[in-house]
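Data first, discussion second: the structure below is written as structure tokens.
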Amino acid sequence: MTAVDTTTAPVSTTPATSRKPGERRFGAGRIAALVVLILMAVTWLLPFAWALVTSLKSEADAGATPISWLAPNGYTLEAYENVLGEGNIPVWAFNSLLSSVIITVLTIATCALAAYAFSRLDFAGRKWLFFVVIASIIIPPQVLIIPLFYQMLAFNMVDTYWGLILPQVVAPPMVFILKKFFDQIPIELEDAARVDGANRLRIFWTIVLPLSRPILSAVAIFVFIAAWNNFLWPFIIINDTSLMTLPVGLQTVKSAYGVQYAQNMAMALLAAAPLIILFLFFQRQIIKGIATTGFGGQ
Amino acid sequence: MSDFHRLSRRTVLLGGAAVFGGAVLGPSLAGCSPLGAEGARPLKFWHLLSGGDGIVMAGLVDAANEANPEFHAAQTVLAWGTPYYTKLAMASVGGRAPDVAIMHASRLPGYAPGGLLDPWDLDLLEEFGVTEADFPERIWEKGIIDGDLFSIALDAHPFIMMYNTDVAEQAGVLGDDGQLVEITSPEQFLEVARAMQQVTGRRGLSYGYLGDGAQMWRLFYTFYKQQDAEMSLEPGEPAQMDEDAAVTALDFIKQLLDGEIAATNGDYATAVAEFVNGESGMFFTGVWELPTAVNAGIPFDAQPIPNLFGTPAAYADSHAFVLPHQSEPDEAQRREVYRFVASILKGSFDWAGAGHIPAYSPIIESDGYADLVPQAHYASAADVLNYDPPAWFTGSGSDFQTYFAENVQGVFRGGDSREGIQGFVRRLNVLLAKPNPVA
Amino acid sequence: MSTSAVSNRAQGTGVALKDSRQSRRRTDNLVGWAFFAPFGLFFGLFLIWPILFGLYLSFTGTTLTGAGGDFVGFENYAEALGDADMWRSMLNTLWFTVLSTIPLVLIALIMALLVDLGLPGQWLWRLSFFMPFLLASTVVSLFWIWLFNPQLGLINDMLAPFGVEPIAWLQDPQWAMHGVVIATVWWTVGFNFLLYLAALQNIPEQQYEAASIDGAGKWRQLFSITIPQLAPTTALIVILQVLASLKIFDQVYQMTSGGPGGTTRTAVLYIFETGFTGYRFGYSAAISFVFFAVIILVSIIQIRITASRRPRS
């Protein structure tokens, strides 16, 4: 697990920007590389572009053959107006936001506390517990859907926010990542405070957490994205359309008026917009966060 | 928990606005509050009807809402077939199901016995003017499981035959009444079809089935039941099927799919296009394609699929209202559901416009309906309709039809009929050997 | 990935452990458990208990409707082992894993190598390759169902000039799995790309400088320094990718529903269908554990392979 060690090191959160020397000499090679890179980037952006253009067409143009990037009847925001007019998207976006934020906060809080305990507190059963938590990383949550749903029936939590949120809070890999980070914080910093009589919680709050800001934000970013985009569990536990998250609502609720291509793409883009806008503003932090938590987080 | 739930529901609009920002959302805020007039009870209504059906249903719901200030029903449309039925079952078992939903009547045996549905109260129905006498016998009975009424049919939608009247006339098979001559045997049907094929120069008959188990099953079961054959699927016992009748039906279908009378490898969309473009004379299809044919503007009429094997029979299913199980049903709320369903039934004349045969007899018996052509010409199918053999795994959009396709598609394309049907029976026996999960 | 980083880390951990051991107090027990408790509550309720409960369910005939909860012994497992559909779903899953993992690793590597050259437009490359990863599976599916549309899709339209007949990407048994793979690669390759990029930037400059002095060309350096230096990263990416691919559900449920004819029905989809569409919770739980066993088996094989390949240092 060497890669985990290096990628969780605080040092690596500043990406290297220095370039290898002597590259400029290979002019032709660099141009070829640039061409390939441009082709790949265009390929990767193409689905977005096609979705955007489709969403700006009238339904008649979107469903016309032969297909075209142009809209004979002109580009229009009609599809967006219709989709937003149905009133579901804002509700689902709110549910996504609410559940993702609560999941992120609860995950960070519980995992950080547990990670600190594993890193610093020599309590009875620590090693054994840590082993169980780490071993549990191998369990794919997908195989637990049946018993978990049954359990939620018993808790009367099917079709509730609680049923949606609580099972998503368990994130053993995050405990692992945070523990690794806490391990590196010099113990002397805490010792000084303990001499002054501060208790563990206070030390954790005033010394450890502020020092851990980079890793905490990395974990938060990762957990938030995962929760925002999660499909399987929210899909299983929520049937009430007014409690659905964006991915679930988009998949489940159909238009009474049949397949409408422009509206489909408008909905997809509206659902994608929040995270993409967030990404445009915080590209560096998000990439850093993913690279930092990546190996442990998947 | 419920406080949490309520609180957040109240802030939904604000929160949603915060996510998207004013610009995009501006024009839509007005559309955000679907709730109706003051004091109207909001009803959650699920169905799986989209396209033409969806538009008509939306109209029926709007009309019912307008006529009844007591409630305001909001419809949610889910993807047709398995996704819908899966979600409906999960919602019912979760206890916070929608107030009312539409199901295919053929799916009842997979829902009602397991407690996924609540039975209808006949007295309350009568109070809103809906009684057994208002429905054709076969349709009403299909809603009864173990003595309780679990579904109230909105319609029957049989598998029927449309035909191009111009083509029929040129082929000399149109009777004096302007309708197709009565066809009473497989041989005669082939003759008529060939005559029509001569006229169009393309096909005599359009029928699409490729990759579509439901389509294969609909035609097969029509011809199977026309031979007065039985099929019974009892859990714990092998499937009871009349193999010879099944082979006869399949052999006849193969004769039709000879590449001349009908395409050997036709899919659903191609068959529709063929018929509405006048490239064929006859068309085996569900009544729900009626609006497509009407919109295409071709001269056509429709009738039940001709009785070729002695017993009049039509494959059919019904869209039916059910009460998904709720752990704590609110009596006053349920009352409004009854009012809503009664109102839709009484206003279901427009539903015939979507091709379906309204199940509520006063509609069928009304003067207006008799003038509806071609609807009135196939309404008699309602008396001879046959639903899927009841079992927890059968019905529209079920795995049953998928298994049929897996074994029989090869037959339609020229394989051996007996082998195909035996393979299907073997598959059914595997299912029947498993314990019934809703018993 | 450098050995120095590893040893530093190990040292740091050692010191921390030693110190904390020295300053151990009796209250550590209480405080430690108190700190663990919130996580432990979730962990126990929503991970450990479902496993145990699922194991129990797998030995019963429990259904969605609550009927038939009798203990049936190993009946469900016996049925699963003889269930052709189950084996088919497992094979589909493995096939998807093979088909998706190879491009997801190779393309990510190529992307990272190209971007690491330091060509202009760094932010644009990262944005292009990584942006799809930020999408929900539903959005990805909507995009690709539309792109793959046989008549109205951009893909067939772009292939047409090359004389390719319209392909029913998601409806044709021959193509459906490939369609799902293509959409998946587009969606998630950016993640592996970022991991590779981070690893590339950790390769010490000195190695390239030394190689340059020795007269090694760029291609030489790529195969003698870069690729070997990336080996541990590659091993991890492969392991994680295989685990991620095995769990595929979203895309197949949304794009093909497992069809046509079950050709894209994967293990998790079969678990879902058996449980929620077929109502058979007990049987579905049993299949879950069979699938879990397959995952562990694949993991062990992978770890074996990785361990035997990894040069001892």
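All of the numbers you see were taken from the coordinates with simple rules; none came from a lab. Since the structure is predicted, the reported quantities are computational estimates derived from the model, not experimental observations. Methodologically, a virtual Cβ is constructed for each residue, glycine included, from the backbone with ideal geometry; neighbour enumeration extends over all protein chains shown.
Please list, in chain and number order, the residues 5+ apart from residue B:71 or on another chain whose amide H is under 5 Å from its amide H, with Hs placed from the backbone.
For residue B:71, the qualifying residues are B:41.
By the gyration tensor of its Cα atoms, with a ≥ b ≥ c the square roots of the eigenvalues, what is the shape of the protein assembly as shown: rounded for a/c under 1.5, prolate for a/b over b/c, or oblate? If you can, show how the numbers build up before the last one.
Working: a/c = 2.01, a/b = 1.67, b/c = 1.21.
Verdict is prolate for the protein assembly as shown.
Reachable lysines from residue A:127, Cα under 20 Å, same-chain residues fewer than 8 places away excluded?
Of all the lysines, those that pass the test against residue A:127 - Cα under 20 Å, at least 8 places apart if same chain - are A:179, A:180, C:18.
For a label point 7 Å from the Cα of residue B:146 along Cα→C-beta, name the residues of the range B:387-416 whose backbone N is under 18 Å from it.
Within reach of a label on residue B:146: B:390-394.
How far apart, in nanometres, would the label points at residue B:128 and residue B:264 be if each is projected 7 angstrom from Cα along the Cα-to-Cβ direction?
With each label point 7 Å from Cα toward Cβ, the separation is 5.4 nm.
Which of the chymotrypsin sites (Phe, Trp or Tyr not before Pro) across the range A:89-167 are loop residues per DSSP, with 16 or fewer other Cβ within 10 Å?
A:155
Most exposed first by the Cβ proxy, i.e. fewest other Cβ within 10 Å, how do A:265, C:158, A:157 rank? It would help to have the intermediate numbers written out before the result.
On the way: A:265 26, C:158 13, A:157 20.
Lowest count first: C:158, A:157, A:265.
Do any chymotrypsin sites (Phe, Trp or Tyr not before Pro) in the range A:221-274 lie in a DSSP loop with no more than 13 other beta carbon atoms within 10 Å, and if so, which?
none
Over chain C, what is the relative contact order in percent, taking alpha-carbon pairs closer than 8 angstrom and at least six residues apart?
Values: 316 pairs, mean separation 87.8, N = 313.
Relative contact order for chain C comes out at 28 percent.
What ranking of B:139, A:38, A:102 emerges when the number of other C-beta atoms within 10 Å of each C-beta is taken as an exposure proxy, fewest first?
Least to most surrounded, the residues fall as A:38, A:102, B:139.
Please give, to one decimal in nm, the separation of the simple spin-label points placed at residue C:201 and residue B:294, each 7 Å out from Cα toward the Cβ.
It works out to 6.4 nm between the two label points.
I'd like the mean, over residues of A:148-158, of how many other protein chain beta carbons sit within 10 Å of each residue's own Cβ.
Working: counts 8, 9, 11, 6, 3, 6, 1, 2, 5, 2, 6.
Across A:148-158, the average partner-chain Cβ count within 10 Å equals 5.
By DSSP, what percent of the beta bridges with both residues in the protein assembly as shown are antiparallel, rounded to the nearest 5? Walk me through the intermediate numbers first.
Numbers: 31 of 44 bridges.
Of the beta bridges lying entirely in the protein assembly as shown, close to 70 percent run antiparallel.
Report, in order of residue number, the helices in chain A meeting two criteria: a C-alpha extent of 30 Å or more along the helix axis, and a mean Kyte-Doolittle hydropathy of at least -0.5; treat each whole DSSP H run as one helix. It would help to have the intermediate numbers written out before the result.
Working: long enough: A:27-55 (41 Å, 1.83); A:88-120 (47 Å, 1.34).
Flagged H segments are A:27-55, A:88-120.
With respect to the cross-link table entries A:254/B:87; A:288/C:247; A:254/B:434; B:44/B:346; A:57/A:254; A:288/C:218, which display a Cα-Cα separation exceeding 23 Å? Numbers along the way, then the final one.
On the way: A:254/B:87 13 Å; A:288/C:247 26 Å; A:254/B:434 34 Å; B:44/B:346 20 Å; A:57/A:254 20 Å; A:288/C:218 28 Å.
As for pairs spanning more than 23 Å Cα to Cα, those are A:288/C:247; A:254/B:434; A:288/C:218.
Over the whole of C:185-191, what's the average partner chain Cβ count within 10 Å per residue? Rounded to a whole number, please.
Averaged over the peptide's residues, the number is 2.
Quick check: from the Cα gyration tensor, does the range B:330-370 come out rounded (a/c under 1.5), prolate or oblate?
It is prolate, given that a/c is not under 1.5 and a/b is the larger ratio.
Among rounded, prolate and oblate, which fits chain C when a ≥ b ≥ c are the square roots of the eigenvalues of its C-alpha gyration tensor, a/c under 1.5 means rounded, and a/b larger than b/c means prolate? Numbers along the way, then the final one.
Details: a/c = 2.20, a/b = 1.11, b/c = 1.98.
Oblate.
Which helices of chain C meet both criteria: a Cα extent of 30 Å or more along the helical axis and a mean Kyte-Doolittle score no lower than 0.5, with helices taken as whole DSSP H segments?
Qualifying helices: C:84-116, C:176-200, C:281-309.
How much FRET efficiency would the formula 1/(1 + (r/R0)^6) give for residue B:330 and residue B:237, where r is the Cβ-Cβ distance and R0 is 35 Å, rounded to 0.05? It would help to have the intermediate numbers written out before the result.
Details: r = 42 Å, r/R0 = 1.19.
In this case the efficiency is close to 0.25.
So, in nm, how far is label residue C:300 from label residue A:273 when the simple model puts each one 7 Å beyond its Cα toward the Cβ?
Each label point lies 7 Å from its Cα, and together they span 5.2 nm.
Take peptide A:212-221, look around each residue's Cβ out to 10 angstrom, count Cβ atoms belonging to other protein chains, and average those counts.
0
Quick one: if the Förster radius is 41 Å, what FRET efficiency do residue C:95 and residue B:350 give, using the C-beta to C-beta distance and rounding to 0.05? List each step's numbers first, then the result.
Values: r = 49 Å, r/R0 = 1.20.
Here the calculated transfer efficiency is 0.25.
Per 0.36 nm of contour for each residue apart, how much would the distance between residue A:282 and residue A:137 grow if the chain were fully extended, relative to their Cα-Cα spacing?
Once the chain is fully extended between residue A:282 and residue A:137, it gains 49.3 nm.
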